[in-house]
Amino acid sequence: MLLSREKTALLTVDMQNAFCKAEASMAQAGIDIGPLAAAIDPCHRLVAAARNAGVPAMAVWDAAGSKNPV
């Protein structure tokens, strides 16, 4: 598949700490976050690659109840 830089963007949706961090709520509740945590570095690399290629990279998330709302 060929993608055009002019018509392509990377959108990362709702990478929540609660699902991906050992000190956050899901892991503290005993839920195995390993598979989700394993996605963090590949997502960082994908965003960096998109930006390096001149492709817009954006993120959206739900900040409801956040101590640091956007």
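The values are calculated or read from the model by the stated rules, or taken from the named source; none is laboratory data. Only a predicted model underlies this, so the values are computations on that prediction, with no experimental measurement involved. Please note: Cβ atoms are built from the backbone with ideal geometry, for glycine as well, and neighbour counts cover all protein chains shown. Just the protein is used for accessible areas: all its heavy atoms, side chains included, with ligands, DNA and RNA removed. Shrake-Rupley method; radii C 1.70, N 1.55, O 1.52, S 1.80 Å.
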Selection count where residues are surrounded by 13 or more Cβ atoms within 10 Å (Cβ to Cβ), among the aliphatic types (A, V, I, L, M) and closer than 19 Å to L46 by Cα, scope the stretch 9-25: 2
Scan of the stretch 11-38 for residues that are in contact with a Phe, Trp or Tyr (Cβ under 9 Å, 6 or more places away or on another chain), within 28 Å of G54 (Cα to Cα) and hydrophobic (A, V, I, L, M, F, W, C), ordered by number: V13, M15, L36, A37
Output for the stretch 38-55, where each listed residue is assigned to a helix (DSSP H, G or I) and crowded, with 16+ Cβ neighbours inside 10 Å: V47, A50
Hits in the stretch 56-70 - residues which are modelled with pLDDT of 90 or more and open to solvent by less than 90 Å² (accessible area, probe 1.4 Å): P56, A57
